[in-house]
1. When the accessible area of the chain is split by element with a 1.4 Å probe, what percent falls to carbon and sulfur?
2. For the chain, take the longest principal axis of its alpha carbons; what is the angle in degrees between that and the long axis of helix 71-81, to the nearest 10 within 0 to 90?
3. Find the accessible area per residue for the chain; the probe is 1.4 Å, ligands and nucleic acids are left out, and the unit is Å².
4. With the dipole of region 151-263 worked out from charges on the C-beta (+1 for Lys and Arg, -1 for Asp and Glu) around the Cα centre, which of N230, L170, F246 lies farthest toward the positive end?
5. Over the C-alpha atoms of region 210-257, what are the Rg and the largest Cα-to-Cα span, Dmax, in Å?
6. In whole Å, what are the extents of the chain along the principal axes defined by its C-alpha atoms, from largest to smallest?
7. In a shell of Cβ-Cβ distance under 12 Å around D9, excluding D9 itself, what net charge do Lys and Arg (+1) and Asp and Glu (-1) give?
8. Given a Förster distance of 25 angstrom, what is the FRET efficiency for L22 paired with L147, based on the Cβ-Cβ distance and rounded to 0.05?
Amino acid sequence: MNSLRGLLDGTWSATDAPVLSLTSEAVQFGAGVFTTIGVRAGRPTWLKHHAARLQRDSARLGLVGDIPAGWEDRLVQVVDGNLMREGALKWMRFLDGGRTREWIFPRQVFENGFSAAPVSLISQVCEVREHRTFIEAKTLNYIHHWLATRAAREAGHNDVLWRDVAGRVLECGTGTFFAVAAGRLCTPPLAEGVLQGVARTRIAELGLGMEERTLPYAERSQWTECFFANAVMGVVPIRLLDGTPFIAPGPVTARVAASVEQDFLT
């Protein structure tokens, strides 16, 4: 039996116990938002950024009320209560019978520590996203990312890179995409329909020279290195993209990764 526990509206519950009603708005319509928090050295990281994103996305989805007070204590409780050293928490707010509820639980536990080994990606074409509803919010309606990532892994790769029908690179299935082009650290603009991830926000704040720039997929041979980043794994070097090899990690990737890891532990 699963021994992991989470907090449902502040009350302990086993993670394999029923949480969502099958008739809830969250199950039927994806009416909820979430954020996934990295745990390093026994502590959850970048909490104020995650709380700000969860509150912002809740408002976009029309979830009533602010995040209940004491949220930081609840996150730490779940880490301590599961004896987590390295891993990830998932923090959800969702609708159930017209009521906004909260569920915090261990998403992953890395019992042997954690390292971000270089990965292989394949790309997949999607629609032009600028005007897609809720593209800027991390909602429970995440099925397109899940299916694409699963297909990539079944094909022997680690993740998917989305590119739109206009030929622009957007983001990975599990993180923000970055490329080094002409010696500059670049990531696609939010205006092109990418998620404003917590790792993306933090990398911009660290003063590492990040630039928003359209990245045409056809120009990938001009990139000297690339990686993706998220709030659990930090910086993940990309060694192969649709058969095109890259240095992994390259010097810029290594510099960003070191800064992010230091920031995790600060």
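The values are calculated or read from the model by the stated rules, or taken from the named source; none is laboratory data. Nothing here was measured: the structure is a model prediction, and the numbers come from that model. Neighbour counts are summed over all protein chains in view; Cβ atoms, including those assigned to glycine, are modelled from backbone coordinates with ideal geometry. What goes into the accessible areas is simple: the full protein's heavy atoms, side chains included, and nothing from ligands, DNA or RNA. Shrake-Rupley method; radii C 1.70, N 1.55, O 1.52, S 1.80 Å.
1. Values: 6490 of 12190 Å².
With neighbouring chains kept in place, the figure for the chain is 53 percent.
2. Approximately 90 degrees, to the nearest 10.
3. On the way: 12190 Å² over 266 residues.
Each residue of the chain exposes 46 Å² on average to a 1.4 Å probe.
4. Farthest along the dipole direction, towards plus: F246.
5. 11.0, 30
6. 52, 38, 35
7. On the way: positive: R74, R93, R99, R101; negative: D96, E102.
That works out to +2.
8. On the way: r = 21 Å, r/R0 = 0.86.
The computed FRET efficiency comes out at 0.70.
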